[in-house]
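Each remark here refers to the structure printed beneath this line.
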Amino acid sequence: MHTDTVRPAVTELRLSAFKTHRGVTLPLTRLTLLSGESGSGKSSALQAYEILARLGSGEPLARAVGEVAGSPAACVPAGARPDEQGRRGFRIGCTVDGPAGPVSLDLAVQAEPELRIVGERLTGGGETLLTTALTDPNRPTVQAAWHTAGATPVTRAPLPDDRLGTSLLPLRVAGKTEGQRLVLAAAEQVVVALRSAFVCDPRPEVMRGVGTGGTGGAGQDGGCGADGAGGAGRGAGARRSGRGAGSGGGPGKPGGVGGAAGAWGARKRMGSGGGEAGSWGRDTEGARGEGRLRSSCDNLPAVLERTSQECARRHAVLVAAVREACAGPVEGLRAVPRQAGGTGHGAADAAGVAGPAGSSAPQAGAVGVRAVLDRGALGELPVEQLGDGELRFLALALVLLTGPEVLAMDPVGEVPSAHQQMTVMADGMDRCMDPRQARELVSLALRMTDRGHVRLLGTVRDPSVAEGLPGVQVLHLGV
């Protein structure tokens, strides 16, 4: 049964021909973990999803592929041979469920000799709603045909070969016939689901290099961020729409995690106007000024300063989760002013500018903020002194307990937040964590996804962290 309250969500990821995958279909639930040996394609599956999400957000193909995979050739299945024209490519797709019922999107992408979308198919309601095909290799367009069911059965027009045609349909379809309205409903459903993704890869080495909530420096490879050192990493949509479409929190349930996801995002976004400043979590003044968490979580202190003030209930849940994951006592977690010229090391530096207990009011000479743990009689500990596993746990827990208005992503402002469902994508979810920490994180994720506003797709090295937790789907790749 499909109603207006069903939130669009990707329920199937298809890797028809992508990197190490051929003919692979992955069913996705509210909480899906991918496991397998190194090289089994766990990260590749998340990369395919991210490429689709970026295209759904309106990014050009070159940026979507380049930011995720590095080069188009890296997406081509191993051993794939070029045709007579020297062409090679990859094929990915997904199914999105929602008010319009199951809608399938499939893409054929030419990676060589030049990058372009050579085929796209959107199907739903028993109809082929959109097809595109490359008819003239010398033109940067594809011939598109979409369902009309009016005086003419289909409408034909050229579309650019570097954009997702589905995301362009609302600009091209009038919606006058029943067929056109079906096309619009299906396209909107797919775009809403794909744009509601947040790629999260907390980088302890970068988080330690910031402390102030600003842009990170080069950083070091601390062993946890094995995918490279420094930089801010990838994010998920830091475009600002200027709309204040936050989701208000509802009545809390026992345990303090009830209400709508994004209770910390009820405050309107700052800024005045649209534009594409900082697409997908790029380091921008806008993201810092709004206190919106970036993919690498390098601005964690600034976001904690905001969230602790906006929702005391969820902040208490975060502190309780951190208490279970960290060694030693944890009585509180807060952001405190950072003194100009501070060393950035040691609890004394933080305590010297903290002011009254529990206060985060700016002090004379303070520059930015830093996050500290209150360890009771042991004093305060800057979070950058935590272990890699503890830092990653803190960042991922914060993501799970927030919503689109707190994260550097691009939710669909035209659609009420109650009709959207955020998908958190976490590669190496248990990286650097011991089994106890990883299980606590999965348990927290399960509690949040059960409430229907958050979904999680992650990869883990040890699938046993989910044993005995009903509602967690573990897919073993490479078997």
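The values are calculated or read from the model by the stated rules, or taken from the named source; none is laboratory data. Predicted model only: the values in this text are computed from it and were never measured. Methodologically, a virtual Cβ is constructed for each residue, glycine included, from the backbone with ideal geometry; neighbour enumeration extends over all protein chains shown.
If a residue has to be assigned to a loop (DSSP other than H, G, I, E, B), modelled with pLDDT of 95 or more and over 16 Å from residue 388 (Cα atoms) to count, how many in region 413-435 make the cut?
0
I'd like to know if region 167-178 contains one or more residues that are touching an Asp or Glu at 6+ places or on another chain (Cβ under 8 Å), crowded, with 22+ Cβ neighbours inside 10 Å and not basic (Lys, Arg).
no
Among the listed residues 142, 210, 206, which satisfies the condition of being modelled with pLDDT under 95, among the hydrophobic types (A, V, I, L, M, F, W, C) and not in a helix (DSSP H, G or I)?
210 is the lone residue from the list that is modelled with pLDDT under 95, among the hydrophobic types (A, V, I, L, M, F, W, C) and not in a helix (DSSP H, G or I).
Working only within region 307-332, note down all residues that are basic (Lys, Arg) and surrounded by fewer than 21 Cβ atoms within 10 Å (Cβ to Cβ).
Taking region 307-332 and keeping what is basic (Lys, Arg), we get 313-314, 323.
Of everything in region 307-332, those that are basic (Lys, Arg) and surrounded by fewer than 21 Cβ atoms within 10 Å (Cβ to Cβ) turn out to be 313, 323.
Is it true that some residue in region 161-170 is assigned to a loop (DSSP other than H, G, I, E, B) and modelled with pLDDT under 95? If you could, list the steps in order and put the result at the bottom.
Step one: filter region 161-170 for residues assigned to a loop (DSSP other than H, G, I, E, B), giving 161-164.
Pick out the ones that are also modelled with pLDDT under 95 and you get none.
Checked region 161-170: no residue is assigned to a loop (DSSP other than H, G, I, E, B) and modelled with pLDDT under 95.
Filter region 26-54 for residues that are on the phi < 0 side of the Ramachandran plot and over 21 Å from the mean Cα position of the chain (by Cα); which is surrounded by the most Cβ atoms within 10 Å (Cβ to Cβ)?
Step one: filter region 26-54 for residues on the phi < 0 side of the Ramachandran plot, giving 26-35, 37-38, 40, 42-54.
Retained after the next criterion (residues that are over 21 Å from the mean Cα position of the chain (by Cα)): 37-38, 40.
On the way: 37: 12, 38: 8, 40: 18.
Selected residue: 40.
Matching residues to (1) modelled with pLDDT of 95 or more; (2) outside the structural domain of residue 185 (by TED's automatic domain parsing):
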position	(1), (2)
3	no, yes
17	yes, no
21	yes, no
25	yes, no
35	yes, no
38	no, no
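To keep it simple, each residue is scored yes or no on (1) modelled with pLDDT of 95 or more; (2) within 20 Å of the chain's Cα centre (by Cα); (3) not in a loop (DSSP other than H, G, I, E, B).
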{"site": "437", "(1), (2), (3)": "yes, no, yes"}
{"site": "452", "(1), (2), (3)": "no, yes, no"}
{"site": "458", "(1), (2), (3)": "yes, yes, yes"}
{"site": "468", "(1), (2), (3)": "no, no, no"}
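Listed here are the residues, each with its yes/no results for (1) assigned to a strand (DSSP E or B); (2) closer than 17 Å to residue 161 by Cβ.
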position: 64; (1), (2): no, yes
position: 68; (1), (2): no, no
position: 74; (1), (2): no, no
position: 91; (1), (2): yes, yes
position: 105; (1), (2): yes, yes
position: 137; (1), (2): no, yes
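Would you please list the contacts, defined by Cβ atoms under 7 Å and residues six or more apart or on different chains, that run from a residue in region 153-176 that is under 18 Å from residue 60 (Cβ atoms) and in contact (Cβ under 8 Å) with a residue 24 or more places away in the chain to a residue that is among the small types (Gly, Ala, Ser) and part of a loop (DSSP other than H, G, I, E, B)?
Note: pairs meeting the criteria are 167/58.
Are any of the residues in region 85-95 in contact with a Pro (Cβ under 9 Å, 6 or more places away or on another chain), of a type in the set (Gly, Ala, Ser) and surrounded by fewer than 21 Cβ atoms within 10 Å (Cβ to Cβ)?
Among the residues of region 85-95, at least one is in contact with a Pro (Cβ under 9 Å, 6 or more places away or on another chain), of a type in the set (Gly, Ala, Ser) and surrounded by fewer than 21 Cβ atoms within 10 Å (Cβ to Cβ), which makes the answer yes.
Answer yes if at least one residue in region 345-367 is modelled with pLDDT of 50 or more, within 29 Å of the chain's Cα centre (by Cα) and not aromatic (Phe, Trp, Tyr), and no otherwise.
Looking for residues that are modelled with pLDDT of 50 or more, within 29 Å of the chain's Cα centre (by Cα) and not aromatic (Phe, Trp, Tyr), one finds none in region 345-367, hence no.
Of the residues 69, 73, 64, 80, which is surrounded by fewer than 23 Cβ atoms within 10 Å (Cβ to Cβ) and within 22 Å of residue 193 (Cα to Cα)?
None of the others qualify; the one that does is 69.
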